[in-house]
Structures are given as C-alpha cells and as structure tokens.
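The values are calculated or read from the model by the stated rules, or taken from the named source; none is laboratory data. The structure presented is a predicted model; accordingly, all values stated were derived computationally and were not measured. Cβ sites come from the backbone with ideal geometry, for glycine too, and all protein chains shown count toward neighbours. Remember, those area values only see protein heavy atoms, side chains included, never the ligands or the DNA or RNA. Shrake-Rupley method; radii C 1.70, N 1.55, O 1.52, S 1.80 Å.
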Amino acid sequence: MDVAPRIDELWESGALDAATIEEAIALLDRGEARVAEKRDGEWTVNEWTKKAILLYFRLRRVEPLDVGGLHFLDKIPVKRDYARQGVRVVPPGVARYGSFLSEGVVLMPGYVNIGAWVGPRTMVDTWATVGSCAQIGADVHLSGGVGIGGVLEPPQARPVVVEDGAFLGSRAVVVEGVVVGEGAVIAPNVVLSASVPIIDVTGPEPIEYRGYVPPRSVVLPGTRPKEYPAGRYELPCALVVGERSASTDLKTSLNDVLREFEIAS
C-alpha cells in the first residue's frame, strides 16, 4: 500500500488508521520520507508527511516514558539505536521519534523535534533546538542556543531549511520557513523570520530579501529606521555584509570569515 494517498484519505475523512499512521511516522524516523525536498532548485513540501504527524498526535496518548534515569510524560517516544545509526548523542540531548539523524550527526544537550531531518556530520550544539519538520543539511553547525523554529501547520507551509555547510552562530534564531542558503554564515543573535528584511549592503544599492539568505552570504544583525506617529524607531533587520570565500576549504574559510567580519562563534 502506498502510504501517502492513504494518509490524504484519512486527513479528509477524519478517521484514524493506526497501522497506516504508524508506518508513515516510521518512514520519517528512518529517513525514507522527508517533510520537504529540493526539486529543480526549489524546496517542495510533502504535505502528506505533515498530515501524518498531526494524525499521529491524535492517535497517541500521554503516558509516562522512562529513558535511562530520566522520566518524562509525553505522547511521542524518543529515538533509539544511535550506535547502529552512527549518531553521537550527549546526555541529555533528545531527538523525538519521527525525526531523522544522519550518520555522523552530533547532538549535544539539545533537542530535535518530530519531522525534522538532520544531514550527515551536522553538529547540533548545546541547547540548540531543531523544531518540528525543519530540514538541516550536511556539515551544518548549529552553535549553542540556536533556535530553529518548527513549522507544522498548515500542512502546505514550508519548514525552516538550512542548507549544506551553513554556520549559525550562538543564539541565532531562524523561524517561519526561512531558507538559509548553502554555505551561509549567520552571526550570533541574528533573528530571521518571514517578515525580517535581509538586506545585501555590499553593492552601491541595497538588495532586499525576505525569507531567504543567499548561498555563502555572511549575515550580521542590523537595524533600519521607520517613522511612526510617535516618532522614529529602529526596527531589526539582517545585513549581508560579504560572501564567504570559495578559495579555501570549509574549516579555513569559516575561520577567515569570523576574523574578517569580527563575528564571534
């Protein structure tokens, strides 16, 4: 049975077929299905996977969960078999069942929610959060306290995407389906949402983006003024101040960028 059309049928009817829903979540957990995939250069949402997660929440009941010496009360169990998957998890790092961690991922005491996909060799550093359905590429570094927002509803909404080789500095926040392009460097404390302007200031005229960071961009927090009846106030924005060098390898390039633009990691 093809799971996707059956999930669509259940979604429309409001019925619950436990076997079908469990199989859909198992596909996500094994990485055999993804909430979103890049096709012809564009990120496309597989809506049936989000519907499956929402149906799974309806199917499950809150119950006590024991993981080693830790005790929880939740609907969704945590992932297991990390050794077989080649994933390192440092206590008390938690990845929920229905998320996928590729081989070589390191999960420090952070959190990965259901529906998320994390690519090979990516580091989820201490207290970083990967929200539901987020798509994180290979060789990404999510520094301490990074917040990747979850986008579960509506089912057609694009999740947050961080493409291969990107670096997000401490306490950076990415929400509301923003796409961070391949190899981009996001400075600490940058906040990116669908409404926050991302302004390229490297040329003679500013170029403004919304919800998208171009590949290899170096992005710093900034502000720009706006007039209100009560006066002029500074609103947050993000500034593209340069481009990561293509002439050096990943590690050297990252160090060079941090020094050149005075970005602390």
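Miscellaneous remarks
- Residues that are out of contact with any Cys (no Cβ under 9 Å at 6 or more places or on another chain) and either at pLDDT below 95 or open to solvent by less than 40 Å² (accessible area, probe 1.4 Å) (or both) within the range 110-119 comprise G110, V112, V118, G119, listed in sequence order.
- Top-ranked residue of the range 34-46 - restricted to ones that are at pLDDT 95 or above and part of a loop (DSSP other than H, G, I, E, B), ranked as least open to solvent (accessible area, probe 1.4 Å): V35
- Close pairs from the range 82-94: first in contact (Cβ under 8 Å) with a residue 24 or more places away in the chain, partner open to solvent by less than 40 Å² (accessible area, probe 1.4 Å) and hydroxyl-bearing (S, T, Y), Cβ under 8 Å, at least 6 apart: none
- The criterion of being assigned to a helix (DSSP H, G or I), among the small types (G, A, S) and out of contact with any His (no Cβ under 6 Å at 6 or more places or on another chain) holds for A83.
- Here the range 131-181 is the region considered, the condition is being open to solvent by 20 Å² or more (accessible area, probe 1.4 Å) and polar (S, T, N, Q), and the residue that is farthest from the chain's Cα centre (by Cα) is Q156.
- Selection of the range 120-135 for residues being in a strand (DSSP E or B), of a type in the set (V, I, T) and either at pLDDT below 95 or farther than 26 Å from P154 by Cβ (or both) yields only V124.
- Enumeration of residues in the range 6-21 that are open to solvent by 10 Å² or more (accessible area, probe 1.4 Å) and in contact (Cβ under 8 Å) with a residue 12 or more places away in the chain: R6, D8, W11, L16, A18
- Residues satisfying the stated conditions in the range 109-119, i.e. part of a loop (DSSP other than H, G, I, E, B) and farther than 16 Å from F167 by Cα: P109, G110, N113, I114, G115, A116
- The lone exception for I198 - which of (1) open to solvent by 30 Å² or more (accessible area, probe 1.4 Å); (2) not in a loop (DSSP other than H, G, I, E, B) it fails: (1)
- Search result, residues across the range 120-130 that are in contact with a Gly (Cβ under 8 Å, 6 or more places away or on another chain) and either more than 19 Å from V191 (Cα to Cα) or buried (at least 24 other Cβ atoms within 10 Å of the Cβ) (or both): P120, R121, T122, V124, A128, V130
- Residues that are of a type outside the set (G, A, S) and open to solvent by less than 20 Å² (accessible area, probe 1.4 Å) within the range 47-67 comprise T49, K50, I53, L55, Y56, listed in sequence order.
- Check on V146, among the hydrophobic types (A, V, I, L, M, F, W, C) and under 15 Å from V35 (Cα atoms): no
- In the range 75-89, residue surrounded by the most Cβ atoms within 10 Å (Cβ to Cβ) [restricted to those that are more than 18 Å from Q135 (Cβ to Cβ) and at pLDDT 95 or above]: V89
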